[in-house]
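Scroll down for the structure; my scribbles are underneath it.
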Amino acid sequence: MYHPDKYQEHNEALDRLCTSFNKVAEGAGNQIYMESSKIENFIDDGMIVYVPTNNKILYDFEKGHKYYDNCDFPFSDFGQFERKIKKPEILLSIQCSKDEKCFCIAWHEDFKKEKLQRIGSITGSGDKEYSGKRFTTNFKEFKYDEMDIFYEVLLKAFTSNTFNSSCFQI
């Protein structure tokens, strides 16, 4: 994490997202559950498991702090660092709003189709990182009270073995 001062807030927000998702999953057949990584492994932030096959989606999670204050994601595209996209284990990026009322998801398969851009991003130390980012318009925003729709998107991804934006059409 390039902002170590945000670890605790990040982990607490992620745990709340997982709890909210798992409550909905229980009522929707409990075929999927979501958990956070309890130990920092510098690869992923957690996994989503499809119980019937034990298939897993590893994901990257981020809580917005500077520009994603509340619902209605403020950009036409969703960005992710190339260093995260290059990790073959991670299939999904999730970013929640600062107020934790909404979150966006984008599949790494969709990011990989986009051009790499070298845009400076400020790290926790104030330095700029130019390792590269990719941006996709193939992302979807959910309100926390639409967790059932997120569940259906994931169910479609697992049952069709398709981990890209085509799963948004349910």
Count of residues meeting criterion [without any contact (Cβ under 8 Å) to a residue 24 or more places away in the chain and touching a strand residue (DSSP E or B) at 6+ places or on another chain (Cβ under 9 Å)] in the range 120-158: 6
Residue match in the range 71-89 (condition: in contact with a helix residue (DSSP H, G or I) (Cβ under 7 Å, 6 or more places away or on another chain) and among the hydrophobic types (A, V, I, L, M, F, W, C)): yes
Qualifying residues in the range 50-69 (those that are under 16 Å from the mean Cα position of the chain (by Cα) and surrounded by fewer than 17 Cβ atoms within 10 Å (Cβ to Cβ)) - the one modelled with the highest pLDDT: Lys56
Residue in the range 107-144 that is farthest from Glu82 (Cα to Cα), counting only those that are among the β-branched types (Val, Ile, Thr) and modelled with pLDDT of 75 or more: Thr137
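Quick test for you: out of Phe163, Phe158, Phe150, pick the one residue that is among the aromatic types (Phe, Trp, Tyr) and more than 15 Å from the chain's Cα centre (by Cα).
Values: Phe163 fails: more than 15 Å from the chain's Cα centre (by Cα); Phe150 fails: more than 15 Å from the chain's Cα centre (by Cα).
Unique residue meeting the criteria: Phe158.
Please go through the range 101-128 and give me each residue that is crowded, with 16+ Cβ neighbours inside 10 Å and either over 15 Å from the mean Cα position of the chain (by Cα) or under 20 Å from Asp44 (Cα atoms) (or both), ordered by number. Working first, answer last.
Kept after step one, since they are crowded, with 16+ Cβ neighbours inside 10 Å, are these residues of the range 101-128: 102-111, 114.
Of everything in the range 101-128, those that are crowded, with 16+ Cβ neighbours inside 10 Å and either over 15 Å from the mean Cα position of the chain (by Cα) or under 20 Å from Asp44 (Cα atoms) (or both) turn out to be Phe103, Cys104, Ile105, Ala106, Trp107, His108, Glu109, Asp110, Phe111, Glu114.
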Number of the exception - Val49 against (1) assigned to a helix (DSSP H, G or I); (2) under 18 Å from Ile105 (Cβ atoms); (3) of a type outside the set (Ser, Thr, Tyr): (1)
Residues of the range 62-108 satisfying the condition of being of a type in the set (Lys, Arg), closer than 18 Å to Arg134 by Cα and without any contact (Cβ under 8 Å) to a residue 24 or more places away in the chain: Lys86
Residues of the range 21-49 classified as surrounded by 14 or more Cβ atoms within 10 Å (Cβ to Cβ) and either touching a strand residue (DSSP E or B) at 6+ places or on another chain (Cβ under 9 Å) or acidic (Asp, Glu) (or both), total: 16
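Mind telling me which of the residues Ser97, Ser121, Ser165, Ser160 ends up being of a type in the set (S, T, N, Q) and more than 30 Å from Asn30 (Cβ to Cβ)?
Ser121
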Test: residue in the range 20-31 that is hydroxyl-bearing (Ser, Thr, Tyr), part of a strand (DSSP E or B) and at pLDDT 95 or above: no
Pair list, Cβ under 6 Å, 6 or more apart: the range 28-41 residue more than 26 Å from Gln8 (Cα to Cα), other residue assigned to a loop (DSSP other than H, G, I, E, B) and β-branched (Val, Ile, Thr): Gln31/Val51
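The values are calculated or read from the model by the stated rules, or taken from the named source; none is laboratory data. Since the model is a prediction, treat every value here as computed from it, not as a measurement. Ideal geometry is used to build each Cβ from the backbone, glycine not excepted, and the neighbour counts take in all protein chains shown.
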